[in-house]
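As structure tokens, the structure follows; a few thoughts come after it.
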Amino acid sequence: MRITTPLRHTFAVAAATAAVVFAAPPSSAADGAPASTATEQTTLPLHSIAALSAERITTADLVAAAKWGTGSPIDDPTREQQVLDAVAAQAQQLGADPDEVRQVFRDQIEANKIVQRGLYQRWTAHPDQAPTTRPDLGVVRQEINRINKELVQALADTASDRAGFFCRPELALAATQVHYDSHLDGLHTKALARSLRSVCTDNQVTRR
């Protein structure tokens, strides 16, 4: 049976998400993961993590627009440390591993900066695409803080799933679905991949 171009593209995205983004060692459980339909994917335990990560990534557009033309740097070590300290404290209150949560949020922060840098490059090359209004960065950060709290809760609720045998293939399926549901472009898909790098804890010792 000949595979149509749309289906071929779908398979390519899923394969790229699973193989490149959530790169697992040869002993990964990906080959043994149970098949899931689109309906079943929405009930995957890790779907909320992928969805919240995508939601957080979209805030990078607003952060970039708020900083564009102001001279404010993309890197903000003070703000980043505040975020890491806050999520670690919340994780401890929930009985989750603060170090694991902190690592996930380091990835979230780097993912956000991938989008900001990508947008800066785009706007520099195409000034007509640059934002003409500047969002209130304080309001944007309130939204980010809300997402952060929900994401820490989701990480705490899925601790056993994230350490489980099927974490990587399930996360890849969830991220692929979120990619399509959220209509993410290449830049934001790359950022989503970066944001989820440390979600699975089965072999963090072997990863950089």
(message) Conditions first: (1) open to solvent by 20 Å² or more (accessible area, probe 1.4 Å); (2) under 17 Å from the mean Cα position of the chain (by Cα); (3) closer than 19 Å to Arg194 by Cα; (4) acidic (Asp, Glu). Asp107 passes all but one, so which condition is the exception?
(response) (1)
(request) Please go through the stretch 111-155 and pick out each residue that is under 18 Å from Ala193 (Cβ atoms) and open to solvent by 60 Å² or more (accessible area, probe 1.4 Å). (result) Arg117
(message) Taking the condition of being crowded, with 19+ Cβ neighbours inside 10 Å and modelled with pLDDT under 85, how many residues in the stretch 42-65 meet it?
(response) 1
(message) I need the full set of residues from the stretch 120-131 which are assigned to a helix (DSSP H, G or I) and not hydroxyl-bearing (Ser, Thr, Tyr), in order please.
(response) Gln121, Arg122, Trp123, Ala125, Pro127, Asp128, Gln129
(request) Could you list, in sequence order, all residues of the stretch 68-85 that are open to solvent by 60 Å² or more (accessible area, probe 1.4 Å) and not acidic (Asp, Glu)? (result) Trp68, Gly69, Thr70, Gly71, Pro73, Pro77, Thr78, Gln81, Gln82
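So which residues in the stretch 93-119 are in a helix (DSSP H, G or I) and either in contact with a Pro (Cβ under 7 Å, 6 or more places away or on another chain) or among the acidic types (Asp, Glu) (or both)?
In the first step, residues of the stretch 93-119 are kept if they are in a helix (DSSP H, G or I); the result is 93-94, 98-119.
Asp99, Glu100, Asp107, Glu110 - these are the residues of the stretch 93-119 that are in a helix (DSSP H, G or I) and either in contact with a Pro (Cβ under 7 Å, 6 or more places away or on another chain) or among the acidic types (Asp, Glu) (or both).
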(message) When you scan the stretch 177-188, do you find a residue that is in contact (Cβ under 8 Å) with a residue 60 or more places away in the chain, open to solvent by less than 50 Å² (accessible area, probe 1.4 Å), small (Gly, Ala, Ser) and closer than 13 Å to Thr58 by Cα, even just one?
(response) no
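The values are calculated or read from the model by the stated rules, or taken from the named source; none is laboratory data. Keep in mind that this is a model prediction, so the values were computed, not measured. All Cβ positions, even for glycine, are placed from backbone atoms using ideal geometry, and neighbour counts span all protein chains on display. To get the accessible areas, we keep the full protein, side chains included, count just its heavy atoms, and leave off ligands, DNA and RNA. Shrake-Rupley method; radii C 1.70, N 1.55, O 1.52, S 1.80 Å.
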